[in-house]
Amino acid sequence: MDFSFWPSTAQPWADLLRGCQWAEAHGWHGVWVPDHFMTNVPVGVDPDGEQGRQELSPWLEAWTTQAALAALVPRVRIGAMVSGNLYRHPAVVANMAGTIDEISGGRFVVGLGAGWQENEHARYGIELTPPAVRSDQLEEACRIVRGLLDDRRTSFSGTHYELDGAPCEPSGGDRRIPLLVGGKGERRTLRTVARHADEWNVWATPDEVEPKRRVIERWCEEVGRDPGEIRITISAMTRFCDSSRQRDQVLARLGNHGGLVGSSAAEIRAAAGAYADAGVDELVIADFNLPLDRREEVLGRLQEDVLEEFRAE
């Protein structure tokens with residue numbers, strides 16, 4: 001099982017870069033960035049009120065951040081976990097992906113999801129379509145991105161997008177740039193994973209991974225695809241707790257997000273082992289809950305006490 005680093009983009013660039021360079025230097029598999037523009041607050045709040053002011057916190061834009069990391073952080077895979085489809089036309093996404101892949105020397109992964117954060121769409125005037133429509137848009141976007149990155153010209157006439165002999169260069173050359181799809185909806189999103197994705201990502205407990213994987217396998221059977229071709233990645237927060245009571249409180253807050261949480265290294269190793277037993281190929285460790293002044297210390301302890309036991313050969 002591989003492990004990768006997922007820094008929040010709501011931190012100064014120097015701190016984000018430092019964390020990614022630390023992960024690369026310590027043998028981590030990849031670095032991922034979230035695709036958001038502001039803190040998630042309810043739609044309709046007063047922009048001058050306390051919650052409205054939370055939206056003004058600095059957020060680094062995901063795609064320009066990925067390009068910078070491609071140039072400055074060697075060896076590791078780089079991608080978005082995941083990019084909101086409604087924010088950018090999929091043809092633009094494919095062209096950005098080809099460019100970043102070239103900058104990185106062939107280390108880029110395109111991460112796509114349907115999108116969900118209401119206040120971002122409302123503030124910028126980007127329509128947040130109903131879930132079923134969003135799922136259709138994601139399906140079409142995956143077909144477009146895959147076509148543009150794989151073929152010299154792509155024409156597409158769908159319900160939501162149209163392309164007419166569109167090129168995309170650079171596009172990875174002989175290398176297939178991987179497409180990762182994030183989400184857990186069984187009727188639509190996991191069908192899109194089976195049809196188009198090289199990788200799948202979700203927040204999930206170990207107990208949830210196996211039934212979701214079986215759904216992907218059923219969709220793969222329907223489309224005539226080997227499910228073993230799809231890499232399973234799981235996002236996780238980590239926390240070394242001072243007591244079993246604190247551990248239970250943290251796990252209750254995380255809910256079905258799961259994570260690597262325990263009051264001892266043995267407990268956290270058991271949590272990591274449960275993900276490995278569920279067939280997870282890559283754990284993506286977020287720093288969202290870690291203090292920046294101790295982040296590398298905590299990640300180093302996690303690596304030494306827990307993750308080294310599960311590192312892929």
What nm value, rounded to one decimal, do you get for the distance between Asn256 and Asp293 when each label is placed 7 Å out toward the C-beta? 3.8 nm
Which of the listed residues, Ala14, Gly27, Ala204, is farthest toward the dipole's positive end in the chain, when Lys, Arg count +1 and Asp, Glu count -1 at the beta-carbon? Ala204
I'd like the Karplus ³J(HN,Hα) series for region 298-308: coefficients 6.51, -1.76, 1.60, θ = phi - 60°, whole numbers in Hz, and an x wherever there's a Gly or Pro. 5, 5, x, 5, 4, 5, 5, 8, 10, 6, 4
Sum -39500 (n - 2.57) across every DSSP H segment of at least 4 residues in the chain, then divide by the residue count to get the 222 nm mean residue ellipticity, nearest 500. -13000 deg cm²/dmol
Calculated FRET efficiency for the pair Asp207/Ala266, C-beta based, R₀ 30 Å, to 0.05: 0.95
Highest mean first, what order results for 173-185, 70-82, 47-59 on Cβ atoms within 10 Å? 70-82, 173-185, 47-59
Could you run the Karplus curve 6.51 cos²θ - 1.76 cosθ + 1.60 with θ = phi - 60° over region 196-208 and give me ³J(HN,Hα) per residue in whole Hz, x for Gly and Pro? 10, 8, 8, 9, 10, 10, 7, 7, 6, 7, x, 5, 7
If you restrict to DSSP beta bridges whose two residues both lie in region 136-280, what percentage is antiparallel, to the nearest 5? 20 percent
Interchain or sequence-distant (5+) residues whose placed amide H lies within less than 5 Å of the amide H of Asp2 are Glu282, Leu283, Ala312
Pulled fully out, how much extra length does the chain show between Val223 and His160, if you take 0.36 nm times their separation in residues and subtract their Cα-Cα distance? 20.4 nm
With +1 on each Lys and Arg Cβ and -1 on each Asp and Glu Cβ, how big is the dipole of region 17-150 about its Cα centre, in debye rounded to the nearest 20? 540 debye
Whole-percent tail of the Cα-Cα distance distribution for the chain, cut at 38 Å, equals 11 percent
The size of the Cβ-based charge dipole (Lys, Arg +1; Asp, Glu -1) of region 40-114 about the Cα centre, to the nearest 20 debye, is 460 debye
Tell me whether region 99-254 comes out rounded, prolate or oblate; compute the Cα gyration tensor, take square roots of the eigenvalues as a ≥ b ≥ c, and use a/c under 1.5 as the rounded threshold. prolate
Of the options Leu190, Ala68, Val306, report the single residue whose Cα projects farthest towards the positive end of the charge dipole of the chain (beta-carbon charges: Lys, Arg +1; Asp, Glu -1). Leu190
Taking the Cα centre of the chain as the origin and placing charges on Cβ (Lys, Arg +1; Asp, Glu -1), which of Cys168, His36, Leu260 is farthest toward the positive end of the dipole? Cys168
Is there a quick way to get the dipole size of the chain? I mean about its Cα centre, with the Cβ of Lys and Arg at +1 and of Asp and Glu at -1; what is the value in debye to the nearest 20? 220 debye
Gyration tensor (alpha-carbon) shape descriptor, region 2-140, a/c threshold 1.5: oblate
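Since every read-out is calculated from the coordinates, none of them should be taken as a lab result. Quick caveat: nothing in here was measured; it's all calculated off a predicted structure. Because the Cβ atoms are built from the backbone with ideal geometry, glycine has one as well, and the counts that use them run over all protein chains shown.
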